[in-house]
Every structure is written in C-alpha cells, then in structure tokens.
Amino acid sequence: MSRPIDILLKRVCGHQRVPSDSKEFLEVTKRDALRLLENDLDRLLLSAMPERRASLQQEMARFVDLFRRFLQEEGPSIDWDKIQKLPENAVMDYSKLKSPNTDKVQMMLDKLVVVKLNGGLGTSMGCHGPKSVIPVRSDLTFLDLTVQQIEHLNKTYNANVPLVLMNSFNTDEDTEKIIRKYKGFRVQIYTFNQSCFPRICRESFLPIAKDCNVDKDIEAWYPPGHGDFYDTFRNSDLLKQFIDEGREYCFLSNIDNLGATVDLNILNKLVGEECLDKPVEFVMEVTDKTRADVKGGTLIQFENKLRLLEIAQVPKERVDEFKSVKTFKFFNTNNIWAKLDAIDRVCRHHTLNMEIIVNNKTLENGLRVVQLETAVGAAMKCFDGSIGINVPRSRFLPVKKTSDLFLVMSNLYNLKNGSLVMSPQRMFPTTPLVKLGENHFGKVKEFLGRFANIPDIIELDHLTVSGDVTFGRGVSLRGTVIIIANHGDRIDIPAGAILENKIVSGNMRILDH
C-alpha cells in the first residue's frame, strides 16, 4: 500500500488527475508535509552557529516558500491549447538594431553591470574546482577571458563596467582565491553567493542533512539553479549599491558561454539613442533553433505575456511538437538583460513566480533525493515590457562537453581581446557538428592526451570519433569524417594526415622508426 507521501509525490511530479473525494485527503497530506519539513528545518537551524542563524533563517524561509509552491502546483503550468502565436514585435531581429555613436558609448556602459553565473563545478568534464577555471584557449580560463573582455571595454571607452560573479557554496572559496590575481586589471570584481538549500529525501520529503555544517556533509546540500539569482542578488546589497550608482541594467549569462560578450547594439536599444519610450525591463537573447537544440527552452505568448517554455513543462504527447524547428523557431541562449529597479520591484513585492524544476538525483550511497530548482529565464513573465532579440549563433558558444572544447580550442576561432571570433577563412557561419566518444574523450585530461594538437577544422562539417583514437600533429579534417575504433582496436591518425569525407574504422597504428 502506498504511503500518503508517495501518493503526493506521484501527484505533484506526475501531474495526475485526482478524484474529488481525494482532494481533502491530499490537502491534509500537503499540510502535514509542509509542517514536518518546517519542524525539521527548525531543528537544523538550532545546530547553526549563533552568528549565522539569522542569515540561515532567511535562506530557509526561501526554501520553505519554494517547497510550498511545489506542493501547490496542480499540474503542467502551461495549458497547451492556450498558447498564442508570438506577436510580430515580440522578437526583434538583431540585424535591425543600430550601432551607437562612439561618443555615447561611455555613458551607456556606465549604466551597465555584467553578471556571470559561476556556481558550477568542472566535475562533468573530469576537473576539480569551479568550471570557470578550466583552461579553454591559450592557457586562459573562462574567467580570464571574461576579465579580459571587460577590461578591454573599460579601457577602450574610459568606462567602469563592474563584473559580478554569482558563486555557489561549491565554487565560492576557490573563486575568491583566484580573483586576487586580477587586482592590477581595470575591472572591479564583486561576488555573492546563491542559496544553499537542503536536499530532501524522495521517500519522506524531509532534509537528509543532520546539521547545518555544509562542509561536513556537502552531499546533503545543493545550489537551487540560476533562478535564485534575483533574490540573492538583492539580499547581497549589491543591487542597491548599483542602483544608487545610477546603473540601470545587468547583462547576465553563463560563464561557460564564450559568445556572451557585452553587445553595444543591444545596450543602445536599452539605454542609448534607440531606447523605446516605455523601458524594456527584460530581454532574452534567442537564436534560431537547429536540430542540435531541440531540447532548449523557447519563447511563447501565453495569457498575453511573453514567457519561456522549457521541455519539462511540455505534456508528453506534445514533446515532438515542442522539438519541431518549424513550430518553435527560437531557443533561449540564457543571455539575459534585466532592468535593475525592476528586479528590486519584483523581489520586494514577491511577484517572482518561476516554474519549479524537480530534479531527481541518486547519491553515491544509493539514496534518492529531490532538488527543487528554478531557471533565471522563467522570470520573464514577471517583468513588464519583456522582449526577445533573435541574435546571431555566434552569441551562443557554450562549453558543456569536451566536443565543445575541441571547437573553441581549434583554428575555427581567433582570440581577440578575450573574445572568440570565427576565422574569416571559414566559408559559412555555422559551426561543425562534433561528437566525441564519452569513454575515451569525456574528461579534459584524457581528451587533451589524445591530440598532439587540435586538427585544422576550417572546412569541417561533421566529425564523429568513437573508441581508442589518437591524432598526430598537423592533422586536417574536412567535410564529414567518421573515425570508429571497435572494442580492443586502436586507431592512430598520423601526423600531417588529411581526412576529407572519410570513414575510418578497424585497427590502424603507424609507428615512428
């Protein structure tokens, strides 16, 4: 027989219809779940050092609010039949934006704050510490490139754009040590921490942490996604500081998106000569969806507001429609421009209402846990005058896997003032589709060990590599190249080899004598 809490979990996560005679029972169950959670959090708070108790109490109150909203969700937040066609002016074409006059750029930049989401670790790519310190190009890390970009802006236009890093408890300590090396640079760097929430047991819905000492049991805690940005940014007092300085907008992006640089044409639309009479409070940069992006969030019009639709919100029977490039043409790059005083308003009035992402995980000890998260782009519907801007693909260059690292380390891009610019030798603006086998190329150290240097890929369309494969120095890959070493076989691509529209399989070793 299922326990009440199991029924509740199935209902909330599975969005099952509940007969009316069960409603009262479920209401009691929900109240019990909330009460038990609050009791457990009170117990956890008692274990905290007295000087930390007040801030932790504030943090746990945010978690309780998230949990309460999770219990109250009745099903998918989108009624598919009520999705409206995007209004004509909802998504602007980037090519229609005008460049600002040079003499106005300093004034515009002094109204801007750059925020990078820096809470992630490099563990998925086999690295220790913050992902932002993985070397990506010429021994420069994501963080190095970001600082170089902003310093170049500040020097070129005699401006003072600050850089803000939103860290998590996983990355904060290491990041604070690393940013000391930038003291001589012309960039003011600020940091703040996003929330640290307790993971809850999937069976009991209670925290698995025994006390508030995060370092003692780091597995019991989690950073709740980047939707946490708004509240924690405001609570850090940095938001108030920047508003008091006369700054008006923040440009926020993932630190691993190497295409997310400050764009003066977009900024001109927000605070320059091209700005509209009614301020735009929220801009989401979107780009054309390809078959590689079918799971990415898209823009829809719903209840007369522009909002983000994620795949998790889509009914199962509509997933193919969601993935269609024809039906939904754009996807979210997670490059966001938001008005600072509007962030302050929605936080103060408690009108932020982002969809909850239920992230089920199994820990190393086999314990099944639930993480409740939110996404920063989901706040779009909470702001007035939100728009999308359809930007070139070059503004979306994330490094999530070693196949992405392969692209950004290659001659496909040139490095200029901390920004990656596609080589003029490339005949078309799209990037090659690269698939590197997880077993042999998934971790950065192993990936680097398989290349004497990154091949010339200026003329590459598609590359698939699987199995025990190594590449000599000065290899060129053109057109479609597929290299597959079967289990037990090894393929060594010799130095100077040119592979054009080739399939290589089996076993091939060329030994130097």
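Take every Cα pair under 8 Å whose residues are at least 6 apart in sequence, average their separation, divide by the length of the chain, and the relative contact order is 15 percent. Taking a ≥ b ≥ c as the square roots of the Cα gyration tensor eigenvalues, the range 450-500 comes out oblate, since a/c reaches at least 1.5 and a/b does not exceed b/c.
Over all other residues within a Cβ to Cβ distance under 11 Å of Ser47, the charged ones net out to +3, with Lys and Arg as +1 and Asp and Glu as -1. Listed peptides 47-56, 136-145 appear in the order 136-145, 47-56 once ranked by packing, highest mean of other Cβ atoms within 10 Å at the front. The phi torsions of the range 132-140, fed into the Karplus equation with coefficients 6.51, -1.76 and 1.60 and a -60° offset, translate into couplings of 5, 9, 6, x, 10, 7, 6, 6, 9 Hz, rounded to whole numbers, with Gly and Pro shown as x. Amide hydrogen proximity for Asn411: with H placed 1.01 Å from N in the peptide plane, the residues at 5 or more positions away or on another chain lying under 5 Å are Ile457.
When a 1.4 Å probe is rolled over the protein heavy atoms, the share of accessible surface on the chain that falls to carbon and sulfur comes to 49 percent.
Neighbours of Arg395 by Cβ distance under 9 Å: Lys/Arg scored +1, Asp/Glu scored -1, total -1. Taking amide hydrogens as placed 1.01 Å from N in the peptide plane, the amide H of Met92 sits under 5 Å from those of Gly388, Ile389, Asn390, each at least 5 positions away in sequence or on another chain. Choose one of Leu352, Val91, Val115: the residue whose Cα lies farthest towards the positive end of the charge dipole of the chain (beta-carbon charges +1 Lys, Arg; -1 Asp, Glu; about the Cα centre). The residue sitting farthest along the positive end of the dipole is Val91. Once the 1.4 Å probe is applied to the protein heavy atoms, the chain comes out at 49 Å² accessible per residue. Stokes-Einstein diffusion coefficient for the range 216-291 at 10 °C in a medium of 1.306 mPa s, Rh from the Kirkwood formula over Cα pairs: what value in µm²/s? Diffusion coefficient, whole number: 102 µm²/s. Of the peptides 280-287, 119-126, the ranking by mean beta-carbon count within 10 Å, highest at the top, reads 280-287, 119-126. Sum up the charges of everything whose Cβ sits under 12 Å from the Cβ of Val475, counting Lys and Arg as +1 and Asp and Glu as -1, but leave Val475 out. Net local charge, Val475 excluded: +1.
For the set Lys210/Lys361; Lys155/Lys416; Lys339/Lys381; Lys183/Lys269, the pairs lying more than 24 angstrom apart at their alpha carbons are Lys183/Lys269. Relative to one another, the C-alpha centroids of the range 364-402 and the range 314-353 are positioned 8 Å apart. In a reduced charge model with +1 at each Lys and Arg Cβ and -1 at each Asp and Glu Cβ, the chain shows a dipole moment near 540 debye about its Cα centre. Over the residues of the chain, the helix contribution to mean residue ellipticity at 222 nm works out to -8500 deg cm²/dmol, using -39500 (n - 2.57) for each DSSP H run of at least 4.
Taken one residue at a time, the phi angles of the range 248-259 give Karplus couplings (6.51, -1.76, 1.60, θ = phi - 60°) of 10, 10, 10, 10, 10, 7, 6, 5, 8, 8, 6, x Hz. Gly and Pro are set to x.
Determine, at each q value in 0.13, 0.21, 0.23 (inverse angstroms), the log₁₀ of I(q)/I(0) that the Debye formula gives when each Cα of the range 284-407 is one equal point scatterer. Values, matching the q order: -0.65, -1.30, -1.38. 3J(HN,Hα) along the range 379-387, derived from phi through the Karplus expression 6.51 cos²θ - 1.76 cosθ + 1.60 where θ = phi - 60°, amounts to 6, 3, 5, 8, 9, 8, x, 7, 9 Hz, with x in place of Gly and Pro. Averaged over residues, the count of other Cβ atoms within 10 Å places the peptides 173-185, 79-91, 332-344, 365-377 in the sequence 332-344, 365-377, 173-185, 79-91, highest first.
The values are calculated or read from the model by the stated rules, or taken from the named source; none is laboratory data. Everything numeric here is computed off the predicted structure, so don't read it as measured data. Reconstructed Cβ throughout: ideal geometry from the backbone, glycine too, with neighbour counts over all protein chains shown. Heavy atoms of the whole protein, side chains included, go into the accessibility calculation; ligands, DNA and RNA do not. Shrake-Rupley method; radii C 1.70, N 1.55, O 1.52, S 1.80 Å.
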